Structures are given as structure tokens and as C-alpha cells.
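Structure, as C-alpha cells:
The values are calculated or read from the model by the stated rules, or taken from the named source; none is laboratory data. Please read all numbers here as calculations on a predicted model, not as lab measurements. We place every Cβ from the backbone using ideal geometry, glycine too, and count neighbours over all the protein chains shown. Accessible surface is based on the protein model in full, side chains and every heavy atom, while ligands, DNA and RNA are left aside. Shrake-Rupley method; radii C 1.70, N 1.55, O 1.52, S 1.80 Å.
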Amino acid sequence: MRTILGKKRNILWLLLLLTAAAFCAVYFFVFLKVPMGVAWQQKEQEIYGGTLELKGKKMVLRDGGKEPKWQTKKSWLVQDFLVSDLDGDEDRELILLVWKRGRFGPEMPFWVKADEKSYSQHIFIYDITEDLQVKEKWLASEIGPQVKRFKLMEKNPAIILTEENSGRCSLWRWESWGLKNMDNSVSLVAFGDNIIHDRILDYGLRTKAGDFSFLYEPFLEDIKGADIAALNAETPLVDKASAYGGYPSFGSPIEVGEAIADAGFDVVACANNHCLDRGIYGIDVTESFYRKKGLTWLGIRSPYDSMAEEEKTFSKNGMTFALFNYTYGTNELDGNDKFPGIVDCLPRDEEGEKELTNTLKKAKNTADIVIVFVHWGEEYSTDVSPQQEHFAGLFAQAGVDVVIGSHPHVLQQQRVLKRPDGGETIVYYSLGNFRADQGKEESTEVGGEARIVFEHCYDGVRISSHDLKKINSYWK
């Protein structure tokens, strides 16, 4: 009988303990609002001969002694930590992802009477000196949306990337007094063939006294509103009136380049069938002008410029873009043979294709995004040619992210190709004309504006959106 009573008593006590534990858990996770499913990290890192140790939600710094050299407050729950030189002073900072009671750091705004009792998430930063002294550097208010995890950017360890539960990522960098949120995305707009035909040339020189800004005024909002704006500059620039010319052999006044730069373009694709219409002279003037203006020009190189390379890079908001530009050929008879290395052309044999693929793969290993501007296809045909299909597949195999086509002077379709690495290649086969005066048919007066947004994610950079907007390419 006593044994039975004893067992009942033990069961009763066990039930009471479980009830108390459940109450504490509910109070802790509901009333104090520490979310369920937080990924609490456990790790350690050597620093200046000491050891930073995160274990059981507590952060300590040990120097070999029995007691910690430094530790976080007992009431704090440390989710993760990072170490980096955020402010560029060559000393390292300790960055904590912390849960603490209250919305504010050590100090509250004077108008706040009392802080809240529930837990909130913070990023706290400390200076660590070589003699293992830890000093408060930045202990600010709660982050806001819950951060699931954070890390340092691989290519720039002075930038912190945080990922929310929703999957949205944010970038943070140190600016004089604390962390500042950076723009997490990069927007790109690209336009098609910019061709200075005879009527455009005459109107700009005579009616507008050499001012060609009228060409781009309808698109200024989109151009200046994008982080990167690009176009296919189909006609080479020249700096003497005797070299001016329209169809079929083009030479555009340097003032056209001025209008392109003033409109806000950043990238100019120059490899096309007309780029040698004024020979080496046109190549040299074109490259020299865009270089002086600070624009990124692609696909051509002056024989007098030993520094020019096939690949160009463009950096914006912590992203690196590798940019390439190729053409199927030039109108200059045997131009590739007469001027080797001046214009980047699509390969004509398997060996050349293999070399091209290796070049693009190498770029993909170092850049976040690879973009190829390519002059290809059949003029005035809305159908994608076998040549376009072939090279689009080649670009996808090499890991290219975006392909922007030109030359047909009419709009062609946009497709998404699957890549061997599991990613996708967005292909705009032809954006048609941007600014031109061909007068062949109405289809040449309808062009396309490619609009793409790239954003940081925890595993790299991804394309978050892309579309094609139809535009009126008739200049007047």
C-alpha cells in the first residue's frame, strides 16, 4: 500500500514539475517573445592569442586563464558572432547577433519612459585590442524583422549580410558612427541599336546645332533611375566633319557620344558589324572618348591601348558584374584578319568556342553576375536564327546570367534557359532598334527596353525580376 502511495506521490510531483516547466516555457517564449526555432550557434574563433567562444547562448573571451577575460551579460542570449575589420582601422571588431530584453541598447531616447520587457534582436559591436581588451563600440536598438542568420560578404568582409525568416537579405556597412543599411539590389536597363542614320545626323547638326540630346530625352527617367544603363552603340564616333556619314558606312559626331554620356548611360556595347566603318581611326576615337567620360565600353580596343582587356567589370552595391560583347562579324571585308584583336567576334570553329566557354566560366568564378551583349541573328526577322540558338546554348553552358542581343533591328522573343549548374540564363534575343531611322517597315520602329533587377541573397546574387518593355524607337 505504501509503495502504491509513494508511486502516486512521485507521479504527482512529476506532473507538477512538468506543469511548471511548461509554464516557464510558455512565459519565456510567449510573454517574453523569444521566437521558436531560433538557430543558436555554437563555435569558437582564435583572436590575438585568445579564444572567442560561443556556447549555450553565452559569449566569452578566454586568454588561457581559468576565468573568462570578458563575457556578455547573463541576461543576454547570443545567437551568433562574427569577427572583422568593419571600420578599416586594421583592428578587428566583434559583431554579436543578440537577443536581449527591451527594444533599446544601453541608452534609450529621452522621451521613452520605460523599455519593454520582451526580448528583441540586436546587432552589437565591440572593439577588441591586441591585448584582449573589449570595448563597446555600437550597441543600438532592435533590428526590426527577425534575422535568421548573418555572415560577412566573401568579397568584402567589411559588409555584413543578414537574412530574415522571409528570405529577404539586407546589407550593412560601418559609416563613422554605426552600421548603415545599404541598397541590397542593382537595377539594369538595356536598350538596342543606337544608329545615327542620315536624317538623324542632318537634324542634329543643322536644326539642333550639334546637340543630339533630343534622342534620349524620352528615356531619361528610366536611364537615370537605373543603377546601370546600357545600349548598343552601332555607329563609331569620329572627331572631324570629313568622317561624318550615315548608311551604309557610318561615322557619328563626337557630340553623339556627349549626348549618350549626358543622358546617364554607364555601359556602351561597341562590337557590331559597323564598328570598323571608319577603320582603326573610328575605333581609337570611340574608345578614347568613352574612356575619358568614365563609361564602360565593350567589344573593341584600340591598337594603341595595351591596357584594354576582353572582359570589363562593373561594381555596384557590393555586386561585381563581368561584361562581354561579341559580334558575328564586321562589314569591313576580312576585318578580323586585317585588324586581329581589335573587335571581339563570335568564334567560327570548335576550338574558338571552347576558348570562349573557358573565358566565360573563368569570369563566372570571380564575378557575381556575367552579362554578354551580342550582335547576331538575321536582320528584320522576328524569328530566332539557328546561330542565335547555338550561341545562346553555349552561353548557358558557360554559366552566363544574362544575354542581351542586337542587330535584327526588330524585337525578338525573350527566353529563360536552364543551365548545367542549376541556374538560369535570361536571353533577350533582340531588343530591336533604340534610336534609328530605317523606314523599312513599322516593326523597326518598335524596340525593347530590358529591365532586370539583381539582389543579394545568402548564397550569392540572384535575378529577382526581369521583363521587356516595348518602346517607340522612331527618333522624331
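When the range 92-105 is limited to residues that are closer than 18 Å to residue 38 by Cβ and touching a residue at least 40 places away in the same chain (Cβ under 8 Å), the one that is farthest from the chain's Cα centre (by Cα) turns out to be 101.
Taking strands (runs of 3 or more DSSP E) that fall entirely within the range 144-251, which contain at least 2 residues that are in contact with a Lys or Arg (Cβ under 8 Å, 6 or more places away or on another chain)? Full working, then the answer.
Values: elements: 147-152, 159-164, 169-175, 178-182, 185-194, 228-233.
Of the strands (runs of 3 or more DSSP E) lying wholly inside the range 144-251, those with at least 2 residues that are in contact with a Lys or Arg (Cβ under 8 Å, 6 or more places away or on another chain) span 159-164, 169-175, 178-182, 185-194.
Quick check on my filter: what residues within the range 85-128 are among the polar types (S, T, N, Q) and closer than 16 Å to residue 41 by Cβ? Scanning the range 85-128 gives a single hit, 121. When residue 323 is tested against (1) among the aliphatic types (A, V, I, L, M); (2) within 27 Å of residue 283 (Cβ to Cβ); (3) in contact (Cβ under 8 Å) with a residue 60 or more places away in the chain, exactly one condition is not met: (3). Of all residues in the range 459-476 being polar (S, T, N, Q) and more than 25 Å from residue 248 (Cα to Cα), which is surrounded by the most Cβ atoms within 10 Å (Cβ to Cβ)? Result: 464.
Residue 58: of a type outside the set (A, V, I, L, M, F, W, C), free of Cβ contacts under 8 Å to residues at least 24 places away in the same chain, surrounded by 15 or more Cβ atoms within 10 Å (Cβ to Cβ) and more than 19 Å from residue 131 (Cβ to Cβ), yes or no? Against the criterion (of a type outside the set (A, V, I, L, M, F, W, C), free of Cβ contacts under 8 Å to residues at least 24 places away in the same chain, surrounded by 15 or more Cβ atoms within 10 Å (Cβ to Cβ) and more than 19 Å from residue 131 (Cβ to Cβ)), residue 58 qualifies.
Those strands (runs of 3 or more DSSP E) of the range 379-458 in which 1 or more residues are more than 20 Å from residue 345 (Cβ to Cβ), open to solvent by 10 Å² or more (accessible area, probe 1.4 Å) and of a type in the set (Asp, Glu) occupy 424-428, 446-457. Residue count for the range 106-149, restricted to those that are surrounded by 14 or more Cβ atoms within 10 Å (Cβ to Cβ), more than 33 Å from the chain's Cα centre (by Cα) and within 21 Å of residue 70 (Cβ to Cβ): 2. Of everything listed in (1) of a type outside the set (Ser, Thr, Tyr); (2) within 31 Å of the chain's Cα centre (by Cα); (3) under 18 Å from residue 436 (Cβ atoms), the single unmet condition for residue 186 is (3).
Within the range 29-114, considering only strands (runs of 3 or more DSSP E) that don't extend past its boundaries, which have at least 2 residues that are touching a Pro at 6+ places or on another chain (Cβ under 6 Å)? First the steps, then the outcome.
On the way: elements: 43-47, 50-55, 58-62, 77-84, 93-101.
Counting at least 2 such residues, we get 58-62.
Of all the listed residues (322, 271), the sole one being at pLDDT 95 or above, open to solvent by less than 50 Å² (accessible area, probe 1.4 Å), of a type in the set (Gly, Ala, Ser) and over 28 Å from residue 254 (Cβ atoms) is 322.
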